[in-house]
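Novice: My questions will all concern the structure given below.
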Amino acid sequence: MSIHVSLGDRSYPVHFQSLRTLPERMAERGLRPNDSSRCLLVSDENVAAHYRSPVTTALENAGWTVRPHIVAPGEASKSYEPLRAIYDEALRWGIDRGTPVVALGGGVVGDLAGFAAATLLRGLPLVQCPTSLLAQVDASVGGKTAVNHPTGKNLIGAFYQPHLVCADPDTLDTLPMREWTSGSAEMVKHALIGSPELLSFLEDHLVGVLARKDREAFTTAIERAVRIKAEVVAEDERESGRRAILNFGHTFAHAIEKVAGYGAFTHGEAVAVGMRAALHLSHRRHPEALNRDRLDAVVQAIPVEGDPGALNPGALFEAMQADKKNRGDTVRFVLLRSLGDAYLTGDVSEHELREAWRFACSEPHASRP
């Protein structure tokens, strides 16, 4: 099964197929071994333990010379020193502008390798091979690449579309349960901002999806979530308008990650807490059109380890000042007029923020299945 991201002459497919078909999928997009035949493979230690060998073998059998570059797992690898290490490795090896960069891993690897591909020699072909649920439903599609800065998350980056995405559903079988349920937050987000039908589907199948027991249901949910992302990206590639709605819950989430320390909460856990706050703000403005309790029940089903309520609200609000969506000194939030109807606003007072944060921390999320 494949989905197409339509961006004119830079359109590309998202394949849900085995990683062993990667060379064939690359060839279909014009990425074939040239005179040097070099291919840079970026992964992290956890993913490489499972998938480096089969992917390398498949590429080498197709005629590529593969240079693996393995980074430490976790958000700390989305920073300048790991990025510089990729630059050093690639340039010492003698890459050229035809050298593909294959990003094999979750969102951290996809962002890091993607930004390296965007900036090395002013742009190398990028192939995203997402192995986490969060990356498959969200991070690998749309061309956002970045590293973090002490000021905030994803502040140094580029919009750089891949040549293709090859998302192997079987790689999710080795995903730790915390990463699985974390990735479910992005599926719920896509449903809230763009698809009442997907939300109804998730309500009907949420137990099986979160427990990773209903393969047909979660495969269907992943496909529908990716279609929503692809449609939004096709309308607004560089986030000058509608694409900003994909940040629902993220103004709080990025602040949570920064204040708690990257890795204390997974990205999906922070998004789940942030979506509860955003739902509260939305309900204050549109109480008749928005059934907050119904939507909040789905978000609360996503397990969150740790206690976000222990974080300092003042530090969170200060961290929000560095959010990429801001205009001048105005902190902007994505809210819902109703289910599936999202918009961006800067009209949120500190009092409302404090109320929203208290609501987000008012009840614990579900325990992990």
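The values are calculated or read from the model by the stated rules, or taken from the named source; none is laboratory data. From a predicted model like this one, the values you see are computed outputs, not experimental measurements. As a convention, Cβ positions derive from the backbone with ideal geometry for all residues, glycine included, and neighbour counts pool all protein chains shown.
Novice: In region 41-76, which residues are under 19 Å from the mean Cα position of the chain (by Cα) and more than 21 Å from residue 174 (Cα to Cα)?
Specialist: 76
Novice: Which residues, counting only those in region 240-272, are at pLDDT below 95, of a type in the set (D, E, K, R) and within 15 Å of the chain's Cα centre (by Cα)?
Specialist: Matches in region 240-272: 243, 257.
Novice: Of 289, 297, which residue is among the aliphatic types (A, V, I, L, M), touching a strand residue (DSSP E or B) at 6+ places or on another chain (Cβ under 9 Å) and more than 30 Å from residue 73 (Cα to Cα)?
Specialist: Working: 297 fails: touching a strand residue (DSSP E or B) at 6+ places or on another chain (Cβ under 9 Å).
Going through 289, 297 in turn, the sole match is 289.
Novice: Sticking with this structure for a sec: Consider region 176-206. How many of its residues are part of a helix (DSSP H, G or I), over 15 Å from residue 220 (Cβ atoms) and over 14 Å from the mean Cα position of the chain (by Cα)?
Specialist: So the count comes out to 6.
Novice: So, residue 245, is that one assigned to a helix (DSSP H, G or I), touching a His at 6+ places or on another chain (Cβ under 6 Å) and among the β-branched types (Val, Ile, Thr) or not?
Specialist: It is false that residue 245 is assigned to a helix (DSSP H, G or I), touching a His at 6+ places or on another chain (Cβ under 6 Å) and among the β-branched types (Val, Ile, Thr).
Novice: Let me ask something additional. I need the full set of residues from region 266-309 which are touching a helix residue (DSSP H, G or I) at 6+ places or on another chain (Cβ under 6 Å) and within 19 Å of residue 108 (Cα to Cα), in order please.
Specialist: Within region 266-309, 266, 268, 269, 270, 271, 272 meet the criteria.
Novice: Out of 276, 284, report the one residue that is surrounded by 21 or more Cβ atoms within 10 Å (Cβ to Cβ) and in contact (Cβ under 8 Å) with a residue 40 or more places away in the chain.
Specialist: 276
Novice: Are any residues in region 238-255 surrounded by fewer than 24 Cβ atoms within 10 Å (Cβ to Cβ) and either over 19 Å from residue 341 (Cβ atoms) or among the polar types (S, T, N, Q) (or both), and if so, which ones?
Specialist: Once the filter is applied, which keeps residues that are surrounded by fewer than 24 Cβ atoms within 10 Å (Cβ to Cβ) and either over 19 Å from residue 341 (Cβ atoms) or among the polar types (S, T, N, Q) (or both), region 238-255 yields 238, 240.
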